[in-house]
Every structure is written in structure tokens, then in C-alpha cells.
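Before any comments, here is the structure.
What follows draws every value from the coordinates through simple rules; no lab data is involved. This structure is a prediction, so every number in the text was calculated from the model and none was measured. Every residue, glycine as well, gets a Cβ built from its backbone with ideal geometry; the counts of neighbours run over all protein chains shown.
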Amino acid sequence: MDERLARIEREIAELISRKALDGERIKQVEGQPTALAYRGVYTAGKTYQRGHFATWGGFLWHANKVTTAKRGDGSGDWTLAW
């Protein structure tokens, strides 16, 4: 009986651990952009979220993080996408 109870306790602990890992994976996936988030022509001073795209001067720019920085200023906030 003790052996059976120990096995059940191990299985419960494993399930709890898996649930915690799954919760972390869900947080990671939910934090990812899900589609092309085009925000139109770049507007100075506007806040862009990570994953947003904006055009400027005929080029498409990708926001690498939440930013109000100018695209192409060398800060690394933006990447020239096309």
C-alpha cells in the first residue's frame, strides 16, 4: 500500500510540474506576434509595440521592441524589413 501511495504521489508531482511548464510555454506563445501588424506610415512620437511594422521613405520597418524612437536611428529599436 505504501508503494502504491508513493507512486501516486510521484505522478501527482509530475502532473503539477508539467502544468507549471505548460503555463510558462503558454505565456511565451501568447507573447509572440500572431500576424503582420502593419501600422501605416511611420509617425514621429507614436508608440509602436514589438512586432509592429511601419513604412517610411518607401521602406518597411519592423519594431523590435516597444518604442517611440525614429526608425533607422541606430538604436536597434527598428529593423529594415524590406
> Please state the relative contact order of the chain as a whole percent: Cα pairs under 8 Å, 6+ residues apart?
Replying inline: 18 percent
> Check residue 72: other-chain or 5+ apart residues with amide H under 5 Å from its amide H, H built from backbone geometry?
Replying inline: 78
> What is the count of Lys pairs in the chain whose alpha carbons sit under 24 Å apart, if the two are 8 or more places apart or on different chains?
Replying inline: 4
> So for the pair residue 75, residue 50, with labels modelled 7 Å out along Cα→Cβ, what separation do we get in nm?
Replying inline: 1.6 nm
>> Taking each pair of distinct Cα atoms in the chain once, what is the resulting Kirkwood hydrodynamic radius in Å?
In response: 15.8 Å
>> 7 Å from Cα along Cα→Cβ at both residue 26 and residue 10: what's the point-to-point distance in nm?
In response: 2.8 nm
> For the chain, what is the mean residue ellipticity at 222 nm derived from helices alone (per DSSP H run of n ≥ 4: -39500 (n - 2.57); sum divided by total residues; nearest 500 deg cm²/dmol)?
Replying inline: -12500 deg cm²/dmol
> Where in the range 47-82 are there trypsin sites (Lys or Arg not before Pro) that are in a DSSP coil and have at most 13 other Cβ atoms within 10 angstrom of their Cβ?
Replying inline: 65
> Over all directions, what mean area does the Cα convex hull of the range 37-80 project, stated in square nanometres?
Replying inline: 2.5 nm²
